[in-house]
Amino acid sequence: MILEKSPFFATTPDLKKSDLMVFGHKLELIILETIPTSKKVAFVSREDLKSMQIEVSENKKRQLLDKAFNKNVSVWVKPDKLLLPIDCADNSNLAILVDGIDDLLIENASSQWLNETHSSIFRQFYEARRHFIEPLTSLGDVNSLNMYLNRVVPEEEVHLVLVESLPPAKSVKEAFLHITDTGRILEEFNRFSFPLFHLGQGVFCYVITRGDKDFIKSLSHSLLDVARNRGLRRIRIGFSSYSKERHQRAASDRLVQTLIDEAWKALQGAGRRGPYAFCDYQLLVNPELFPLKAIGRSTTGKLSYRWKDIKKFSLAYLRPDFHDRKTFDVVITKLLGKEIVIADDQGYFVLRPGKSAGNTEKWASSLIKKIVKAEGERFSLSAGISSYPFGDYKRPEVARNSMKALLHGTFFGPGSCVVFDSLSLNVSGDAYFGESDVSGAVREYRKGLELAPDDVNLLNSLGVAYALMNMSSKALEAFNEVLDIDPKNFMALYNRGLGEKKQKKYSQAVKSFSRAQDVFNRADEEEAASISELQFHLGVCHFCIGEYRLCVKVMKKWYAAKKGERGAERCLRFIGISYYHLGDFKQSAKWLQRALVANQSDSEALSLLGTVYLKTGEGDDIACKLCERSVELEPENPEYKIRYAHSLAVSKKTDEALDLLRACTRYRNFRADAWLELARIHQSNGDFRSCDRYLKMIFSSKTATPALLDKAKKLQASLAEKRI
C-alpha cells in the first residue's frame, strides 16, 4: 500500500501567534480596505486592553472583554474603535483593535454586518497566507521568510537560525514523514513563538529578534538535546546574527541574502562537527574570537627559541583585565625588566627557567598587587600558569595550558591567578562544548581525567559529549564510572537512563530514572531543570516494557504539570495506548482522540482508536477508515494490517480482509495472529472446517504467545458449541 493522498496540498493550518508577526501587515491591509473609515490597526492582548483608557465603566469594560475573548464575538468600543477577536491556536488572549472608525458607521451597523465583516476579513487573510505556506509542514515557506526578513532587517536585531534534519529514509513516504515529525518537534520546542519556516529539503529556519549570542547558543544546546531525546538521529544548526557594525557595508538590497548565506555556511560548518552540532558564522570566519584561539606562529617561534635548552621552567600568561596590552606596555615594562617576556596581541608570556608553578604563582600574585596599588583597579591583570615537565605534555603545549589556566581564572574575576590543573581542562572542555566542538571537548575531558581519574564532573561531561557523538556505549561507561564513585549522583543516573533508553534497555532505564528521582535535590538548579524530562522518559520506559498502569500514573501526573505548555501533548498517545492494553476502552478513546488532534500521522494511535471504536460500537465505517489510514502510513506493519483486516471483516468486506490476512502470514512473528483472525472470519461465515484448520496451525506454532493461545482455545470452545 502507498499513501492515498499526496502531501503537496495540505489543509489550511491553524493561526498561530508567530503568523501575526510574519503576515500581520497583510491582515492590517485587508482590514483597512474592508472596514470603511478605519485608520489604524493594532494587535493587542487582554492585558493591553485592561490598562487602556476607554470611555466606559470598569464593569462595562469587563463585559466587552468577556464578549470578545470568551465568546469570540466582535464588539464596538466607543467612541471610534472596533475589537475583533483572533482565533489563535497558541494564544487565546489576542485581538485586533481597529481605530478611527466613523461614529455614523458604528450607529448604523448591525451585528450581522459585524459578524460578516469579521468572517470576510479572515477569509481573505487565510487565502493570502495560503500562498506563502509550505504544504508538507504547514509552516511558512522560503518566500514568506524573505518577505518577513525584508521588513525586520535592519530595523531590529535579528538572529537567523537554520536547522537541518536530513531524513535517513528508504522511500519518499518515509522522507515526508520524517520532515513532518521534525517540523512538529521544532514547533513544540518553540516556546517563545519565534517565526518558524520550512525552506525545503529538511531545512528549517527560526528568526529570533531577541536575546544575545549566549541566548542563541543556549537555545541551540537545548534544541540538540530535545532532538536527540525525541529520536532524531542527527540534527545540525547554523546561525548568523545581524550586526550594524559588521553589515554596514552590505548593500541594503543584498542584506537579507547576505544574512541567509552566512547562516548557510555556518550550517555546513556544523555538518563537519558530528550528528548533533551547531556553528556560529562569526566564530567560523573569525576563529580568533574563541577564548582558546591558536597561538600565533611568531609567538610560538619566539617561545620555542627561548625554552629549547631549558629542562625545567614555568610559564605565566599575563593578560590585562580591562585595558588593551599596549596601554599596559609602559606600566609593566619596568616590573618585567629582568624576566624573559614574549608579548602577543593580547598579553604577555613570562618564561621563568628553573621555577616551579607554585613559585611563579606567588610571583604573579605579588606583581598584580604591585600594579593595582600603583595604578589603580583598572590596571589589574590576570595570570594563567603552567610548568614543564608536567604529565606527558610537550613543550609547545605548555603555552596552551597557560591560556587554559587563564580561562579557568575568569570564574574568579579580575586579578585572578590560577595554576593549570584538571579543573582547567574541565573549563577548557566546556568552552569547546559550548561552541559545539564536541570532539575538542572530549579531548580536553580525557586529558583532565589523566590528571584526576575520579573527578565526577569530568566523567559526567565526557559521558554527555560521547552521547552527542552517538557513542552510546562509551557514554554509559563514563556514567557508570561516576556512579561507582558517587552512587547518588543525579545527573549520572539521569544520563545513564537516557543512554539505556536509547539502547532499548528499558527495564534498566526505569531503575536509573527511579533512582535519580529518589536522590533528586530540588534546590539544585541543574537538577530542577532536568526532573520534568526525566519523568517523561520514565513514563515512556514503563510503556515500552508493558507496565501500562505505571505509565498512565506517571504520564497523567506529568501532563497535569505541563498542560498548556508546548510539547505537553506528546504524552497523550502513551496514555491512550496504555488504557487500550488495560482494557479501559472509554478512557483509551478519550486520550487517543486528543493525541490525534496533536499528530494526525500517529499510525499506532490511528490503528488502536479504530479498534477501540469497533469494540465500543462507535461506528464501523469510521473505525475502518482509521485502521486503513494507519496502514497507508505504515504499509509494512503487519500488526496494523491485521487490525485493518478485522475492521474490514466487521464491515462485511470479507474478501478484502481474507486477502490482507493471507499476506500477513508471511511475517513469522505475526503469523499466528493472522491465523487467529482468519479462523474467526471462517467461523462467522460458517466454514468450520477452515476455522478448525487455522486453530490447529496456531496450537502447533512456536511463536504463539500464551495470551494468543488462550484466545484460540476460547474460539475452539465456541466452535465446538456451534457444531453441536
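The values are calculated or read from the model by the stated rules, or taken from the named source; none is laboratory data. This one's a predicted model, so the numbers in the text were calculated from it and none came from an experiment. We place every Cβ from the backbone using ideal geometry, glycine too, and count neighbours over all the protein chains shown.
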(message) If I ask for residues that are crowded, with 20+ Cβ neighbours inside 10 Å, of a type in the set (A, V, I, L, M, F, W, C) and touching a residue at least 24 places away in the same chain (Cβ under 8 Å), which ones from the stretch 472-520 would you list?
(response) A475, L476, V482, F490, M491, A492, L493, L498, A509, V510, F513, A516
(request) Would you tally the residues in the stretch 40-77 being at pLDDT below 90, under 21 Å from F122 (Cα atoms) and basic (K, R)? (result) 3
(message) Would you confirm whether or not the stretch 392-403 contains a residue that is more than 23 Å from F290 (Cβ to Cβ) and of a type in the set (A, V, I, L, M)?
(response) no
(request) Working carefully through the options L259, L267, L303, L284, find the one that is in contact with a Gly (Cβ under 9 Å, 6 or more places away or on another chain), surrounded by 21 or more Cβ atoms within 10 Å (Cβ to Cβ), at pLDDT 90 or above and not polar (S, T, N, Q). (result) L267
(message) With the requirement that a residue be part of a helix (DSSP H, G or I) and over 21 Å from I642 (Cα atoms), what does the stretch 597-628 give you?
(response) V597, A598
(message) Consider the stretch 631-655. How many of its residues are without any contact (Cβ under 8 Å) to a residue 40 or more places away in the chain and either outside the structural domain of F670 (by TED's automatic domain parsing) or not aliphatic (A, V, I, L, M) (or both)?
(response) 16
(request) Identify the residue in the stretch 62-82 that is assigned to a helix (DSSP H, G or I) and without any contact (Cβ under 8 Å) to a residue 12 or more places away in the chain and, among all such residues, is nearest to the chain's Cα centre (by Cα). (result) N70
(message) For D329, only one of the following conditions fails: (1) more than 30 Å from D421 (Cβ to Cβ); (2) assigned by TED's automatic domain parsing to the domain that holds V142; (3) of a type in the set (D, E, K, R). What is its number?
(response) (2)
(request) Identify, from the list S218, S222, S240, the residue that is more than 18 Å from the chain's Cα centre (by Cα) and of a type in the set (G, A, S). (result) S240
(request) Could you tell me whether any residue of the stretch 572-581 is out of contact with any Cys (no Cβ under 8 Å at 6 or more places or on another chain) and within 26 Å of F192 (Cβ to Cβ)? (result) yes
(request) Give me a count of the residues in the stretch 226-256 that are of a type in the set (D, E, K, R) and either at pLDDT 90 or above or part of a loop (DSSP other than H, G, I, E, B) (or both). (result) 5
(message) Looking only at residues that are charged (D, E, K, R) and under 13 Å from the mean Cα position of the chain (by Cα) in the stretch 171-211, which one is farthest from V158 (Cα to Cα)?
(response) D181
(message) Consider the stretch 475-527. How many of its residues are among the polar types (S, T, N, Q), in contact with an Asp or Glu (Cβ under 9 Å, 6 or more places away or on another chain) and more than 20 Å from S461 (Cβ to Cβ)?
(response) 2
(request) Output the residues belonging to the stretch 448-460 that are without any contact (Cβ under 8 Å) to a residue 40 or more places away in the chain and either touching a Phe, Trp or Tyr at 6+ places or on another chain (Cβ under 8 Å) or surrounded by fewer than 22 Cβ atoms within 10 Å (Cβ to Cβ) (or both). (result) L449, A452, P453, D454, D455, V456, N457, L458, L459, N460
(message) If I filter the stretch 541-567 down to residues being of a type in the set (A, V, I, L, M) and closer than 20 Å to L609 by Cβ, which single residue comes out as nearest to the chain's Cα centre (by Cα)?
(response) M555
(request) State whether the residues of the stretch 366-375 include one that is surrounded by 13 or more Cβ atoms within 10 Å (Cβ to Cβ) and among the polar types (S, T, N, Q). (result) no
(message) Just the residues that are more than 23 Å from the chain's Cα centre (by Cα) and part of a loop (DSSP other than H, G, I, E, B), please, taken from the stretch 497-523.
(response) K505, F520, N521, R522, A523
(request) Could you please let me know if S193 is part of a helix (DSSP H, G or I) and either without any contact (Cβ under 8 Å) to a residue 40 or more places away in the chain or hydroxyl-bearing (S, T, Y) (or both)? (result) no
(request) Determine which member of the set A704, A717 is at pLDDT 90 or above, among the small types (G, A, S) and in the same structural domain as L660 (by TED's automatic domain parsing). (result) A717
(message) Looking only at the stretch 650-695, count every residue that is of a type in the set (K, R) and out of contact with any Cys (no Cβ under 9 Å at 6 or more places or on another chain) and tell me the total.
(response) 6
(request) Need at least 1 residues that are aromatic (F, W, Y) per element, so show me which strands (runs of 3 or more DSSP E) inside the stretch 295-394 make the cut, counting only ones lying wholly within it. (result) 313-320, 348-353, 381-388
(message) Testing C417 on (1) in contact (Cβ under 8 Å) with a residue 24 or more places away in the chain; (2) touching a Pro at 6+ places or on another chain (Cβ under 9 Å); (3) surrounded by 17 or more Cβ atoms within 10 Å (Cβ to Cβ), one condition comes back false. Which one is that?
(response) (2)
(message) Kindly evaluate I106 against the criterion of being of a type in the set (A, V, I, L, M), closer than 19 Å to L32 by Cβ, part of a strand (DSSP E or B) and in the same structural domain as M21 (by TED's automatic domain parsing).
(response) no
(message) Criterion first (over 26 Å from T182 (Cα atoms) and surrounded by 20 or more Cβ atoms within 10 Å (Cβ to Cβ)) does V631 satisfy it?
(response) no
(request) Look through D181, D214 and report the one residue that is closer than 26 Å to V438 by Cβ, surrounded by 13 or more Cβ atoms within 10 Å (Cβ to Cβ) and assigned by TED's automatic domain parsing to the domain that holds D141. (result) D181
(message) Looking only at the stretch 137-172, how many residues end up being part of a loop (DSSP other than H, G, I, E, B) and of a type outside the set (S, T, N, Q)?
(response) 12
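Conditions (1) farther than 25 Å from R191 by Cβ; (2) in the same structural domain as K501 (by TED's automatic domain parsing); (3) crowded, with 16+ Cβ neighbours inside 10 Å; (4) in contact (Cβ under 8 Å) with a residue 60 or more places away in the chain, marked per residue:
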site	(1), (2), (3), (4)
S532	no, yes, no, no
Q535	no, yes, yes, no
L538	no, yes, yes, no
K562	no, no, yes, no
E565	no, no, no, yes
S578	yes, no, yes, no
L592	yes, no, yes, no
S603	yes, no, yes, no
L609	yes, no, yes, no
(message) As an exercise: evaluate I577 against (1) modelled with pLDDT under 95; (2) hydrophobic (A, V, I, L, M, F, W, C); (3) out of contact with any Ser or Thr (no Cβ under 7 Å at 6 or more places or on another chain) and give the number of the one condition it does not meet.
(response) (1)
